1. Please compute the length gained on full extension between residue 211 and residue 223, using 0.36 nm multiplied by the number of residues separating them and subtracting their Cα-Cα distance.
2. Please work out how much length the chain gains when fully extended from residue 362 to residue 262, using 0.36 nm per residue of separation minus the C-alpha to C-alpha distance, in nm with one decimal.
3. Only four residue types carry charge here, +1 at the Cβ of Lys and Arg and -1 at the Cβ of Asp and Glu. Report the dipole size of the stretch 381-489 about the Cα centre in Debye, rounded to the nearest 20.
4. How big is the dipole moment of the stretch 230-319 about its Cα centre under a simple scheme where the beta carbon of each Lys and Arg is +1, that of each Asp and Glu is -1, and everything else is neutral? Debye, nearest 20, please.
5. Taking the 0 to 90 degree range and rounding to the nearest ten, how far is the long axis of helix 345-366 tilted relative to the main principal axis of the chain, both from C-alpha atoms?
6. How would 56, 91, 118 line up from fewest to most surrounding beta-carbon atoms within 10 angstrom?
7. Taking the 0 to 90 degree range and rounding to the nearest ten, how far is the long axis of helix 2-33 tilted relative to the main principal axis of the chain, both from C-alpha atoms?
8. Rank 180, 226, 21 by how far each Cα sits towards the positive end of the charge dipole of the chain (+1 on Lys, Arg Cβ; -1 on Asp, Glu Cβ) and give me just the farthest.
Amino acid sequence: MSISMTSSVPVRGVARWLLPFCIAAGVYLFFLGIGDIMLRDTDTLWQIKIGQWILEHRALPYTDIYSFTRAGEPWISSSWLSQVLFALAYEPSNWSGAVILTSLAIGATAAIFVYLLEPYLEPARAFLLVTPLLFMSMGHFLARPHMLALPVMLAFVGGLLAAADRRTAPSWLLLPLMALWANLHGGFVMGLALIGPIGLDAIASTDRKGRFALASRWALFGLAALAASCCTPYGWNTPLASAKILSLGKVLSQISEWMPADFSSFDLFGASLLGLIALGYYKGLVLPWTRILLLLGLVWAALNHVRNIEVFALLTPLVLAKPLAEQLGAARAVALARAEARTSFAATAIAALVIVATSWSITRSYATPTRYAFIRNPTPRAAVDLLEQRHAQRIFSTAPIGSYLIFRNLKTFIDGRAELYGEQFVLDYFDAIEGKNAETLLRLLDTYQIDATLLNGSTPAARIMDHVPGWKRLYSDDLAVIHVRDDASAKLPSAP
């Protein structure tokens with residue numbers, strides 16, 4: 001009996017340390033199996049194209065080289081490192097590389113989440129918590145740069161909250177994470193913005209004698225983090241460019257991922273908000289005022305822009321973990337379990353290697369270069385082939401099709417880089433595409449000397465073009481419709 005009990009202690013220790021690793025592998029393989037869902041946004045196309053350009057030229061873009069409406073205007077890529085990684089993953093394996101890379105990021109995010117909650121919640125229960133949170137965030141799980149930055153975001157902000165829980169200043173080891181985040185995606189500005197509120201929580205929780213010293217250390221860390229965010233090839237322009245998207249005003253309400261949350265149907269986000277309210281009333285939970293401010297900020301961000309739902313899902317449990325664990329008595333139970341368990345490094349390392357080898361073997365056999373494809377075909381290949389044959393130079397298209405034009409090395413009218421085109425241009429584009437103002441459509445065609453339009457057949461602008469004098473429908477299929485000027489048709493060979 002005693003032999004069985006003592007030998008089980010290190011086994012429990014190994015299992016406790018391996019569980020986040022196992023969770024990462026399981027989550028990775030799950031999303032690898034449903035990888036097509038990450039290929040539903042055409043922004044993936046121009047992201048890869050920019051990464052290929054960076055690799056080919058061994059340089060970074062400082063001006064626009066992809067559109068004819070903003071050619072030569074200042075523009076920098078705030079996600080250049082992610083774009084390079086996606087380009088490297090795409091080259092040898094087609095879309096499988098992008099899916100593998102994105103799935104790895106999601107798996108790493110799940111593991112970091114479980115690790116950060118470990119002081120307050122057993123890993124198995126943390127996994128039960130992270131599962132619905134990942135499903136809540138799936139609407140924004142796309143093969144795009146923000147996914148590669150997701151585990152870095154969680155590690156950085158989790159490190160800040162862990163420091164606040166200990167009533168100390170953040171570790172300087174978080175600064176390289178900020179530098180990495182700034183090179184991966186422009187969302188790092190949120191991390192900078194959270195330093196102040198989380199630092200306030202740490203300062204308010206400590207005794208009065210130590211508040212000034214702690215406030216000074218948090219302020220110094222904030223300045224150092226700002227400097228770290230400038231450790232990119234673009235330097236100080238990086239935070240300025242990343243914040244530029246927020247100046248688009250009314251445009252943000254028309255871009256799907258920047259729209260406010262929609263409660264017309266019941267979903268996991270709505271359920272989580274109701275669950276938080278119900279839990280608070282049922283348990284009579286009390287939060288420090290600083291944590292209430294943090295929670296309200298996360299809720300407001302998610303309500304304001306649906307792209308922030310994943311941030312709400314992953315950070316809210318970390319904000320609530322310590323106060324809830326203390327009030328519910330869970331922190332003591334977890335601490336006792338940690339004290340009982342001992343870890344065998346050799347056994348843990350061997351088990352980790354087995355997990356990696358198994359995951360790699362499954363990946364090689366399953367994620368073949370032909371395994372994945374876009375859910376909604378965004379590539380009007382035949383229509384673009386025809387326009388190339390006819391040497392069309394200035395093509396008016398929707399932004400999603402514009403991303404495909406970039407991928408095909410054709411200059412575009414507009415694409416997903418809204419910050420480049422500016423508020424008024426994008427508003428005019430939406431008015432024209434959605435048929436709200438036919439005069440705006442005609443003005444854009446003349447101003448930019450458009451010689452062909454390439455639109456989805458269901459787009460109101462495509463139906464308007466059928467009745468515009470001086471234009472005629474040249475080609476149509478299930479994906480796209482082409483209109484050309486009547487006077488231009490004489491210069492172009494007939495359609496095949």
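Bear in mind these aren't lab numbers, they're just calculated from the coordinates by the rules spelled out. Since we're looking at a predicted model, the values are computed, not measured. Cβ: placed from backbone, ideal geometry, glycine included. Neighbour counts: every protein chain shown.
1. Working: separation 12, 0.36 × 12 = 4.32 nm, distance 1.83 nm.
Residue separation times 0.36 nm, minus the Cα-Cα distance, leaves 2.5 nm.
2. On the way: separation 100, 0.36 × 100 = 36.00 nm, distance 3.81 nm.
In short, 32.2 nm is gained.
3. Values: 12 positive and 16 negative charges, 47 e Å.
Once rounded to the nearest 20, the dipole reads 220 debye.
4. Values: 5 positive and 4 negative charges, 48 e Å.
Approximately 220 debye in magnitude.
5. The angle comes out near 20 degrees.
6. Details: 56 9, 91 13, 118 18.
By the 10 Å Cβ count, ascending: 56, 91, 118.
7. Tilt of helix 2-33: around 10 degrees.
8. 21
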